[in-house]
Amino acid sequence: MPVLKIYNEEAQLLEEIKDLNAIQECLNPTGIVIEKWESLAETNLSNNEILKLYEEKINKIKGDYGFQAVDLVSINPEVSEKENFEIIRGKFLAEHTHLDDEIRYFISGSGLFAVHHLDKVYALICSAGDFINVPANTLHWFDMGLKPEFKCLRFFTDESGWVAHYTNNPIASKFPPF
């Protein structure tokens, strides 16, 4: 189940919400959509097996949004032991936008999407079963945590995949890490 924490721009917590309907209501002004889907996959399946299980949902999303590509990213805690982990994590932690909607579905594990909208930051913890759509050109960052572990479907309109447009605003560094 998602958890939403709303902060002011100085990282002071204003509100915490755990009810899905209340979360969506709070996120409506941002354009973000959050849904809970029934899990179809066991986490011990291969990526190809998981993609096959979700084929119907994947095709619907591709059709609804015009996406051309989908992948399944699998991140485990061992990635944090790699020499370049902080560089990899840092590219997601910096505030950025995308020209396309950023759609993710968490098969397992969790991560934090932080959205900077007007004078607030909406920090949304997503976990297994959570579907999130962050609209194109929305200021945001993603924190996978220091010991990340998740499997997540990612959708792209361009075969080149994830392309960020950084704002160079250091705001993300003010907020508690995931």
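The values are calculated or read from the model by the stated rules, or taken from the named source; none is laboratory data. It should be emphasised that the depicted structure is a prediction, and the values quoted were computed from it without experimental measurement. We place every Cβ from the backbone using ideal geometry, glycine too, and count neighbours over all the protein chains shown.
Considering each of ILE87, ILE132 in turn, give the residue that is under 19 Å from ILE17 (Cβ atoms), of a type in the set (A, V, I, L, M, F, W, C) and either out of contact with any Lys or Arg (no Cβ under 8 Å at 6 or more places or on another chain) or modelled with pLDDT of 95 or more (or both).
Sole residue among the options that is under 19 Å from ILE17 (Cβ atoms), of a type in the set (A, V, I, L, M, F, W, C) and either out of contact with any Lys or Arg (no Cβ under 8 Å at 6 or more places or on another chain) or modelled with pLDDT of 95 or more (or both): ILE132.
Output the residue which, of all residues in the range 9-26 that are over 19 Å from ALA172 (Cβ atoms) and among the polar types (S, T, N, Q), is surrounded by the most Cβ atoms within 10 Å (Cβ to Cβ).
The residue in question is GLN24.
Could you figure out which of (1) at positive phi; (2) free of Cβ contacts under 8 Å to residues at least 40 places away in the same chain isn't true of ASN137?
The one condition ASN137 does not meet is (2).
Quick check on THR97: is it of a type in the set (S, T, N, Q), over 17 Å from PHE67 (Cα atoms) and touching a residue at least 60 places away in the same chain (Cβ under 8 Å)?
Yes, satisfied.
Looking at this structure, is ILE17 at pLDDT 95 or above, under 22 Å from ILE75 (Cα atoms) and aliphatic (A, V, I, L, M)? Outline the logic, then answer.
Details: at pLDDT 95 or above: yes; under 22 Å from ILE75 (Cα atoms): no; aliphatic (A, V, I, L, M): yes.
No: the conditions fail for ILE17.
What is the one condition in (1) touching a strand residue (DSSP E or B) at 6+ places or on another chain (Cβ under 9 Å); (2) over 16 Å from PHE155 (Cβ atoms); (3) exposed (fewer than 15 other Cβ atoms within 10 Å of the Cβ) that ILE75 does not satisfy?
It is condition (3) that ILE75 fails.
To keep it simple, each residue is scored yes or no on (1) over 24 Å from SER74 (Cβ atoms); (2) touching a strand residue (DSSP E or B) at 6+ places or on another chain (Cβ under 6 Å).
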| residue | (1), (2) |
| --- | --- |
| VAL3 | no, yes |
| GLU10 | yes, no |
| LEU13 | yes, yes |
| ILE23 | yes, yes |
| GLY31 | yes, no |
| TRP37 | no, yes |
| LEU40 | no, no |
| ASN47 | no, yes |
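Give the number of residues within the range 140-154 that are surrounded by 19 or more Cβ atoms within 10 Å (Cβ to Cβ) and either more than 19 Å from ASN76 (Cβ to Cβ) or among the aliphatic types (A, V, I, L, M) (or both).
Adding up the residues that qualify gives 4.
Specify the residue that is farthest from LEU13 (Cα to Cα); the eligible residues are those in the range 109-167 that are of a type in the set (Gly, Ala, Ser) and assigned to a strand (DSSP E or B).
Checked the range 109-167; the qualifying residue farthest from LEU13 (Cα to Cα) is GLY109.
Give the residue, chosen from LEU118, LEU112, LEU99, LEU124, that is closer than 27 Å to ASN21 by Cα and exposed (fewer than 15 other Cβ atoms within 10 Å of the Cβ).
Going through LEU118, LEU112, LEU99, LEU124 in turn, the sole match is LEU118.
Among the strands (runs of 3 or more DSSP E) contained in the range 1-94, which hold 2 or more residues that are of a type in the set (A, V, I, L, M) and farther than 22 Å from SER108 by Cβ?
13-17
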